[in-house]
Every structure is written in structure tokens, then in C-alpha cells.
Amino acid sequence: MDRTILINSSRLGIGDDALGDVLIASFLRKLCLVESKPDRIILYNSGVLLAAQGSQVLDALDTMARQGVDILSCGTCLGHFGLLDKLAVGRKSDMQEISNFLSVDQVTTV
């Protein structure tokens, strides 16, 4: 069974936004170092900000993409945030593809 990490926010956790920024960056950079990588990372809602130009975690996402992790960003979300032409790592997806993965994969939401 494929493993998917679902990220629905540009921050990790609820509460202090600055702490949430530090936590998501730390999580993604540490994920680069684990031996057993997920098959894919799906970004939606403000999570797509992580894969866009100017993101502070492009290094981590790019490293994982080079390690074979499929990085998918919700196209509707990219459009909502005005980022369709600013996706810097991974690829644009749609809710049909995302729904297919979520219905068959082992999913962890962070």
C-alpha cells in the first residue's frame, strides 16, 4: 500500500503562527532524512504555499522530489491563492486524482 502525507496548511498545528512555521519547516526537513519516505505528499488549502516560489521549505520539498517522492499541489487551491504560475516544486493536481489517492493509500494528515 502506498503512503501519502496530506498537508492542509502552511503551518503545523494551531496556536502561535510563528511556531507553526518553524514546526512545518522542521517536519519537512526531518522527513528528508527518514529512510522510509512516503510515496507522495499532497498539499491543499494553504499547504500549497509551501511549494510556491518564495517558500522557506522549497529545499526540503525539492530534496524529497529528487528522492522520488511525488509532490502534488491542488490546482483549485493554487488558483485561489494566485499561484498557478508560481509552483516551484512538484506538480499541479486536481481533486479527482487527490481523491483517488486518498481512497486507496495509507494517509497521514499533518
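Per residue, the accessible area of the chain comes to 54 Å² when a 1.4 Å probe rolls over the protein heavy atoms.
Where both residues lie in the chain, what percent of DSSP beta bridges are antiparallel, nearest 5? Given both bridge residues lie in the chain, the antiparallel proportion sits at roughly 5 percent. Sequence-distant contacts, meaning Cα pairs under 8 Å at least 6 residues apart, place the relative contact order of the chain at 35 percent. Is the shape of the range 59-110 rounded, prolate or oblate, going by the alpha carbon gyration tensor and its root eigenvalues a ≥ b ≥ c, with a/c under 1.5 for rounded and a/b larger than b/c for prolate? Here the range 59-110 falls in the oblate category.
Here the Karplus relation 6.51 cos²θ - 1.76 cosθ + 1.60, evaluated at θ = phi - 60°, turns the backbone of the range 68-83 into coupling constants of x, 7, 7, 9, 10, 10, 4, x, 4, 5, 4, x, 4, 8, x, 10 Hz, with x for every Gly and Pro. In the chain, the DSSP-assigned H stretches of four residues or longer account for a calculated mean residue ellipticity at 222 nm of -10500 deg cm²/dmol, using -39500 (n - 2.57) per stretch and the full residue count as denominator. These residues, Val110, Val69, go from largest to smallest accessible area, 1.4 Å probe, as Val110, Val69.
For the chain, a/c is less than 1.5, where a ≥ b ≥ c are the root eigenvalues of the C-alpha gyration tensor. That puts it in the rounded class. Counting only protein heavy atoms and a probe of 1.4 Å, the accessible surface of the chain is 52% carbon and sulfur. You can think of it this way: the chain between Thr108 and Cys32 has 25.8 nm of extra reach, that is 0.36 nm per residue less the Cα-Cα gap.
The values are calculated or read from the model by the stated rules, or taken from the named source; none is laboratory data. Just so you know, these numbers come straight off a predicted model, no measurement behind them. Side chains included, ligands, DNA and RNA excluded: accessible areas come from the protein's heavy atoms. Shrake-Rupley method; radii C 1.70, N 1.55, O 1.52, S 1.80 Å.
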